[in-house]
Amino acid sequence: MAPESPFRILFRTWSGSSAGTNSRRGHRSGDKNRREIKLLEMAEHFENHCDLDNRVPTCFISTTDDPVRALKYAIDLQGMDENDIHISIIRSNKYLCGEELATAFEYENESLFKTEFLFLWEIEATEILHVVSLETLQRSNLLNKFKVLDPEYWGRDTLPSLGKIRDEICDNNEEAWWGGE
């Protein structure tokens, strides 16, 4: 039997149109036929999960341990006119590491999954520490305090890549640390 994964704090960004069932009472995957899943079927589900245009429900529920990635995705959803956008904060050890799955299933670019953690079938309500709406974060002036997450900061309607945001965060932190010297 494989050892348990360590407990992690994870984030799930979701909206009214996200796959599966998402609420403060838990998250369920889009594939409602919960069953024991064999390796070959899991590989097929992972392939479908990796295809962003896929509309076939899978057994996976995506989360990340990267709060900046979770916030960026929420703001990207808003830019695509999604409504009812939330971020769930989860504490669990029942996840699969996306990067390890990508390597095991010989996916071409496993590094894309470095901060992705997948749940099979569901995330239980007892694992959800908190749920916050993007609207609440914006009302609290989050974007005024963390300007790199404001599309207007970049002079556009959407945010740039996560890498560019991280570079800008590092640059801003460096300037703040050195006092603009």
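Return a whole-number percent for the relative contact order of the chain, with Cα pairs under 8 Å and 6 or more residues apart as the contact set.
Working: 267 pairs, mean separation 48.9, N = 181.
Here the relative contact order equals 27 percent.
At 4 °C and a viscosity of 1.567 mPa s, what translational diffusion coefficient does Stokes-Einstein give for the range 42-110, taking Rh as the Kirkwood radius over Cα pairs? Give it in µm²/s as a whole number.
Value of D from the Cα-based Kirkwood radius: 94 µm²/s.
Please give the calculated 222 nm ellipticity per residue for the chain, where each DSSP H segment of at least 4 residues contributes -39500 (n - 2.57) and the sum is spread over every residue; nearest 500 deg cm²/dmol?
Calculated at 222 nm, the ellipticity per residue is -9500 deg cm²/dmol.
Using the number of other C-beta atoms within 10 angstrom as an exposure proxy, rank S62, S161, S18 with the fewest first.
So the ranking, lowest neighbour count to highest, is S161, S18, S62.
Between R34 and N172, with labels modelled 7 Å along Cα→Cβ, what's the label distance in nm to one decimal, could you check?
Rounded to a tenth, the inter-label distance reads 4.0 nm.
Which order results if F117, F46 are arranged by neighbouring Cβ count within 10 Å, fewest first?
F46, F117
What order do you get for M80, M42 when you list them from fewest to most C-beta neighbours inside 10 Å?
By the 10 Å Cβ count, ascending: M80, M42.
What is the sum of charges, Lys and Arg at +1 and Asp and Glu at -1, for the other residues whose Cβ falls under 12 Å from the Cβ of R69?
Summing Lys and Arg as +1 and Asp and Glu as -1 gives 0.
In nanometres, what is the gap between the two model label sites at F146 and F7, each 7 Å from Cα along Cα-to-Cβ?
2.3 nm
Report, in whole Å, the centroid distance computed from the Cα atoms of the range 60-85 and the range 103-168.
When both Cα centres are located, 5 Å separates them.
So if R0 is 25 Å, what FRET efficiency would L129 and S17 give, r being the distance between their Cβ atoms, rounded to the nearest 0.05?
My answer for the efficiency is 0.55.
What list of whole percents do you get for P(r) of the chain, with Cα-Cα distances grouped in 10 Å bins up to the one holding the largest distance?
9, 33, 35, 17, 5, 1
Quick note: the coordinates plus some simple rules give every number you see, no bench work behind them. As the structure is a computational prediction, the values presented were derived from the model and not from experiment. Counting neighbours? That spans all protein chains shown, and the Cβs are built from the backbone with ideal geometry, glycine included.
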